[in-house]
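The values are calculated or read from the model by the stated rules, or taken from the named source; none is laboratory data. Since this is a predicted model, take the numbers as computed values, not measurements. We place every Cβ from the backbone using ideal geometry, glycine too, and count neighbours over all the protein chains shown. Side chains included, ligands, DNA and RNA excluded: accessible areas come from the protein's heavy atoms. Shrake-Rupley method; radii C 1.70, N 1.55, O 1.52, S 1.80 Å.
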Amino acid sequence: MQKQALADLISFLEEKSSRVLEIEKEADIALKQEGQLAFQAKLEEKAEILAALGEKAWKKTEAVGGTLGDEIARKLEQFSMSASTSLRIGSVFFMSALLYPEDHKPGEPNDLQSFIIDLKGRM
C-alpha cells in the first residue's frame, strides 16, 4: 500500500463527504422554504454523488492496491449500489437515509465519515 495513494483517496472522500453534508443542510432549508419537490431534488443530488463514488474513486482505490484497496472498493461499491437503488426507485425516504444506520444519533458520524475515520487509522 502506498501511503500517499491512501492519503489522496481519503482527501477525495472527505471532499465528497463534506459536499453530501452541505446538500443535506440545503435539503432541509429547501423543504422549509420551497417544499417537497425542492427537497427531493436536493436528495437526488446527494444520491447521485454517492452513486458515482465507486467509479469516481476507482483510480485512487486502485493506486492503494492490495487487500486494503479491494476492501475499499467493496465498501465504496456498497455506498454506490444503495444510492443507485434509491434513485432507481425514487424513494425520498431511502435517499434521506443513505449513510445513516437505523440507530444513528444526531452528532454521530454517518457511515461515510466513519469509513474515512477508519481509513485514517490505517495510515
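State whether the residues of segment 112-122 include one that is touching a residue at least 12 places away in the same chain (Cβ under 8 Å), surrounded by fewer than 16 Cβ atoms within 10 Å (Cβ to Cβ) and either in a helix (DSSP H, G or I) or not β-branched (Val, Ile, Thr) (or both). Full working, then the answer.
Filtering segment 112-122 for residues touching a residue at least 12 places away in the same chain (Cβ under 8 Å) gives 112-113, 115-116, 119-120, 122.
From what is left, the residues that are surrounded by fewer than 16 Cβ atoms within 10 Å (Cβ to Cβ) are 120, 122.
Add one more test, that the residue is either in a helix (DSSP H, G or I) or not β-branched (Val, Ile, Thr) (or both), and what stays is 120, 122.
Yes, some residue in segment 112-122 is touching a residue at least 12 places away in the same chain (Cβ under 8 Å), surrounded by fewer than 16 Cβ atoms within 10 Å (Cβ to Cβ) and either in a helix (DSSP H, G or I) or not β-branched (Val, Ile, Thr) (or both).
Taking the criterion of being closer than 28 Å to residue 121 by Cβ, surrounded by 16 or more Cβ atoms within 10 Å (Cβ to Cβ), in contact (Cβ under 8 Å) with a residue 60 or more places away in the chain and among the charged types (D, E, K, R), would at least one residue in segment 45-59 satisfy it?
no
Is there any pair linking a residue in segment 9-33 that is within 29 Å of residue 68 (Cα to Cα) and open to solvent by less than 30 Å² (accessible area, probe 1.4 Å) to one that is part of a helix (DSSP H, G or I) and among the basic types (Lys, Arg), with Cβ under 6 Å and at least six apart or on different chains, and which?
If the second residue must be part of a helix (DSSP H, G or I) and among the basic types (Lys, Arg), the pairs left are 9/60; 12/60; 20/46.
Working only within segment 77-111, note down all residues that are part of a helix (DSSP H, G or I), polar (S, T, N, Q) and either open to solvent by less than 20 Å² (accessible area, probe 1.4 Å) or more than 19 Å from residue 44 (Cβ to Cβ) (or both). Reasoning before the result, please.
Here is the first cut: in segment 77-111, the residues part of a helix (DSSP H, G or I) are 77-89, 92-97, 111.
Going one step further and asking which of them are polar (S, T, N, Q), we end up with 78, 80, 82, 84-86, 96.
Of everything in segment 77-111, those that are part of a helix (DSSP H, G or I), polar (S, T, N, Q) and either open to solvent by less than 20 Å² (accessible area, probe 1.4 Å) or more than 19 Å from residue 44 (Cβ to Cβ) (or both) turn out to be 78, 80, 86.
Being acidic (Asp, Glu), buried (at least 16 other Cβ atoms within 10 Å of the Cβ), without any contact (Cβ under 8 Å) to a residue 60 or more places away in the chain and over 16 Å from residue 100 (Cα atoms): is that true of residue 70 here?
Judged against the criteria, residue 70 is not a match.
Let me confirm something: among 66, 54, 107, which residue is at pLDDT below 95 and in contact with a Ser or Thr (Cβ under 7 Å, 6 or more places away or on another chain)? Talk me through it step by step, then tell me what you get.
Values: 66 fails: in contact with a Ser or Thr (Cβ under 7 Å, 6 or more places away or on another chain); 107 fails: in contact with a Ser or Thr (Cβ under 7 Å, 6 or more places away or on another chain).
Exactly one of 66, 54, 107 is at pLDDT below 95 and in contact with a Ser or Thr (Cβ under 7 Å, 6 or more places away or on another chain), namely 54.
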